Amino acid sequence: METLLSVICGFMAAASIYLMLSGNLIRFIFGLVLATNGVNLLIFVAGRLSQTRPPLIDPDAVMAAQPLANALPQALILTAIVIGFALLTFVFILFYRAFQALSTVETELMRESEPQEGGNTEHGGQAGVAGIHGPGGEGA
């Protein structure tokens, strides 16, 4: 069972990377959700799925009558779910604002629709900004 879940974790990681690199913001969001779920499953698999070896009792101690669950992966997954939900909420708001401002979900079109800064580009590829170098673009 652990082998199957490990293969599923790898498939989820590969699919999420493919989606995040596709150049579409909606696919990026789906890839991010898939990556967070894949990491949660990876934490779960790393916590051992076997009930024959309880994690909280030493091997030479008296075993409990009931099977025990490993509490650490469960706590980590619960924390990761909360953080993933907060991240997803932030990404949705960011997506909404980007779509509202640029009217596209394609990242290449978003890059092309950004306003171009004119002016001097001799300072490391950046245009001179009036607030940094004074009104003339040079040091005051």
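Computed from the coordinates by the stated procedures, all read-outs in this text should not be read as laboratory data. The structure presented is a predicted model; accordingly, all values stated were derived computationally and were not measured.
Things worth noting here:
- Gain in span if fully extended, Ala86 to Thr104, counting 0.36 nm per residue against the direct Cα distance: 4.1 nm
- Gain upon complete extension [Tyr96, Ala14; 0.36 nm per residue less C-alpha separation]: 26.9 nm
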